[in-house]
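Here the structure comes first, spelled out in structure tokens, and everything after it is commentary.
The values are calculated or read from the model by the stated rules, or taken from the named source; none is laboratory data. Note that the coordinates shown come from a computational prediction; the quantities given were computed from them, not determined experimentally. Heads up, the Cβs are rebuilt from the backbone with ideal geometry, glycines too, and the neighbour counts pull from every protein chain shown. Note: areas computed on protein heavy atoms with side chains; ligands, DNA, RNA excluded. Shrake-Rupley method; radii C 1.70, N 1.55, O 1.52, S 1.80 Å.
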Amino acid sequence: MNASFLYFTGEELRKLFRGGKLKMLLLLAFLIGIVFVFAGDRLGLNGNLTVVALELLLVTVLPLFMVSLGSDLMISEFKARMIKNALKLPLSREIIFLGKMLAGWTAGALIVMSLFVPLLIGSLVLTGISDLSVVGASLAEVGGAIVFCGLLVVLANTVALWTGSGGAGLVVSVVLWMAMGVIGLFEPQLNRFFVTDFADWMRPLLYKGEAGPAITALLFMVVYYIIGTILGLLAFQRKEI
């Protein structure tokens, strides 16, 4: 079953690559990384360019990319009735759902890496090999970004499945993101319960050396991963072809 699951996930990832959306998001992320290299050089951010760029983009561009990817991850196949091809495979609906979701999660991670690579190369070209502490902070930030962005893909996919439309899922996800940001602005004590607060979940560890807040945020994200997966699976199972 593990081999079948991994093969199915790989096929789903290849299917995403054959589509135009993932290619466009990868290209845009790469170009944004290049832009930040030149902008960072002018602003004198070379030493921490990767960390600063990811922190800024995790609250602006990357969430939009992940929501766009997640909202169209599965629901479009139901609309086009292509899902019936997957359901003919000797795999349960649960395995099919998890395979598709893992493929989407991997695609989200690749988008983050597509942004990270030009930032890393630009930093090396402009400043040479950085201190180990800077390298470690950069790797920790990109790892944290992958975990956070993967969560957005999972949640956006769940919203789209329940709304029954990729476009509606995208709009609802964006509205929820904005609503959480506004509510968190006026009610800061509620922030730790909102997904918008997890974008900088690595900051206490990187800047203050405090692991506690980062671990707490990670636990919240794990809970949201579980909730998003369960709700998404329920919506996936109840969908008719």
Checklist outcome for this item: FRET efficiency for Ile215 and Leu185 from the Cβ-Cβ distance with R0 = 30 Å, rounded to 0.05, comes out at 0.75
Next on the checklist: What number comes out for accessible area per residue over the chain if the probe is 1.4 Å? Units Å², please.
Outcome noted: 50 Å²
Next on the checklist: Cut-off 10 angstrom, C-alpha nodes, Gaussian network model of the chain. Which of Leu69, Leu91, Leu26 fluctuates the most?
Outcome noted: Leu91
Checklist entry - Taking all protein chains as present, what is the carbon and sulfur share of the accessible area of the chain, in % to the nearest whole number, probe 1.4 Å? => result 71 percent
Checklist entry - Roughly what angle does helix 20-43 make with the longest principal axis of the chain, taking Cα atoms, 0 to 90 degrees, to the nearest 10? => result 10 degrees
Checklist outcome for this item: Calculating Rg/Rh (Cα atoms, Kirkwood Rh) from this structure picks out, from (i) 0.95; (ii) 0.99; (iii) 1.02, entry (ii)
Item to check | Longest segment of the chain lacking GluC sites (Glu not before Pro) that sit in a DSSP loop with at most 13 other Cβ atoms within 10 Å | outcome: 1-209
Checklist entry - Loop-only check: which trypsin sites (Lys or Arg not before Pro) in the range 1-94 are DSSP coil with at most 15 other Cβ within 10 angstrom? => result Arg81, Lys88
Item to check | Structure-based [θ]222 nm, the chain - -39500 (n - 2.57) summed over DSSP H runs of at least 4, per residue, nearest 500 | outcome: -26500 deg cm²/dmol
Checklist outcome for this item: In degrees rounded to 10, the 0-90 angle between helix 132-163 Cα long axis and the longest Cα principal axis of the chain is 30 degrees
